[in-house]
Amino acid sequence: MKSGQEVVLSVTIDPLLLNVPREQAFWFLANMENESLWHPKVDKLEKVGNEQIGLGTEFVSANNEEGAVKLRLDDFVPCERLGNTIERNDGTITRWSGALSSMPDHKTLLIQTWQILGSKPLNKESVSKNRRDFLDYSEFLNPYLKSGVEKYSKQPTKI
């Protein structure tokens, strides 16, 4: 967390039951380039560098509805939990974390937490907008993971 930044909003989203095994869900989510496949506000994210996806991997985009963003994987325990920090051009910093659990019938339970970091409290309108954005994220993600994740979620090969 940057100096002077503190959590100004924290939201835990209702768990999502995904119709894919935990390993597939994890690698799909870890590769942020996949986000443009299912999220209508994301035009394209590109991985920075040629390293295998893991702790510290960064992704960038300049063509999103919300402006330029930089994402960095800062929590990475394969097939268990994943977290990233999102920095926007406007200075907004968002932290996303997800924990994955195996369920019967090769399904996965995803529990997500979102945090907005800042140096001053959010106004009521901003809190409401951010809550809607977090819920939208889950609504966009869930149908996609129920249908199209298999071909995009293979564990990367070592380079």
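If only residues of the stretch 30-65 that are part of a loop (DSSP other than H, G, I, E, B) and of a type in the set (D, E, K, R) are counted, the one that is modelled with the highest pLDDT is GLU51.
Scanning the stretch 13-29 for any residue that is within 17 Å of ASP75 (Cα to Cα), in contact (Cβ under 8 Å) with a residue 60 or more places away in the chain, of a type in the set (Asp, Glu) and not in a loop (DSSP other than H, G, I, E, B) turns up at least one such residue. Of the residues making up the stretch 93-124, not one is acidic (Asp, Glu) and modelled with pLDDT under 70.
The values are calculated or read from the model by the stated rules, or taken from the named source; none is laboratory data. All values derive from a computational prediction rather than experimental measurement. Here the Cβ is made from the backbone with ideal geometry for all residues, glycine too, and neighbour counts use every protein chain on show.
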